[in-house]
Amino acid sequence: MRISKNILIVQFIFFVQFGFGQKGNSKELLGRVMEQSTPIEGVNIINNTTQVAAVSDADGNFSISVREGEVLVFSAVNLEPLRRRITLEDLNSSLLMVKMTAKEVELKEVIVNENANITAENLGIIPYGQKKYTPAERKVYTATSTSVDKLLNAMSGRTAMLKKEVKVEKKEALFRKLEYLFEENYYTERLRIPVDDIKGFQLFCVEDADFAVSLNTKNKTMSMFLITDLARKYLTILENEK
């Protein structure tokens, strides 16, 4: 009787540990992002717990590692940000359908600092109004500079790939500017953003057109004004998840 009882105890412990282990395992989740009936390319998806990120392709499809109970943050230009807590049903589905909503963007007046930095235009090195290209933009220009290049690169899909690289480059540049603009304690003490949600909040901010303008024009006063309102909206989203 003692041996049988010990065997039952061992089996019980094994099944309990196995159950917890199964819940703790991450799974590669396949999904598709739609706005009404249209698949959306270039939507940023970030796991708010692990900070693992993905981007939807031309058909709106994405793949990301996630566990039950973790929150995925979806954001894109001209779309309302979306946060979704993953359930067991989501993990067991063959394809997670994510519906996003278009947003109206109204740019506010931006006041640029009168003490502008010295530029190549001010020094007469280049003409005023000349287009300035980033490395990724130069690649797109080169790929479409002649009719032959434009046709060949369009057929091969290289132009579309380079244009996508431009979008990613611009977004990374905004992230870098935002990282240097505010210290961590500004987010936690002034804006009341939890430490674990700072990265998700920064992604939320750079998707806002007005805030992107303030970063690009180096208007810190405007950035501080806008980020306060964005923090209020983001905290409301977090509260609604609870």
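Spin-label pair ALA58-ARG192: with each label point 7 Å from Cα along the Cα-Cβ axis, the two points sit 4.6 nm from one another. Computed from the C-beta positions of ALA173 and ASP90 and an R0 of 35 Å, the FRET efficiency is 0.60 to the nearest 0.05.
Of LYS27/LYS171; LYS27/LYS103; LYS99/LYS233; LYS199/LYS220, which sit over 24 Å apart, Cα to Cα? Over 24 Å Cα-Cα: LYS27/LYS171; LYS27/LYS103. The largest accessible area among TYR186, TYR234, TYR180 belongs to the first residue in TYR180, TYR186, TYR234, and the rest follow in falling order (1.4 Å probe, all chains).
Rolling a 1.4 Å probe over the heavy atoms of the protein chains gives segment 34-92 an accessible area of 46 Å² per residue. When ARG83, ARG192, ARG67 are compared by accessible surface with a 1.4 Å probe, the order from highest to lowest is ARG192, ARG67, ARG83.
The values are calculated or read from the model by the stated rules, or taken from the named source; none is laboratory data. Please read these numbers as outputs of a predicted model, since none were measured by experiment. Positions of Cβ are generated from backbone atoms using ideal geometry, with glycine treated the same way; all protein chains shown enter the neighbour counts. When the accessible area is computed, the model is the full protein with side chains, heavy atoms only, and any ligands, DNA or RNA have been set aside. Shrake-Rupley method; radii C 1.70, N 1.55, O 1.52, S 1.80 Å.
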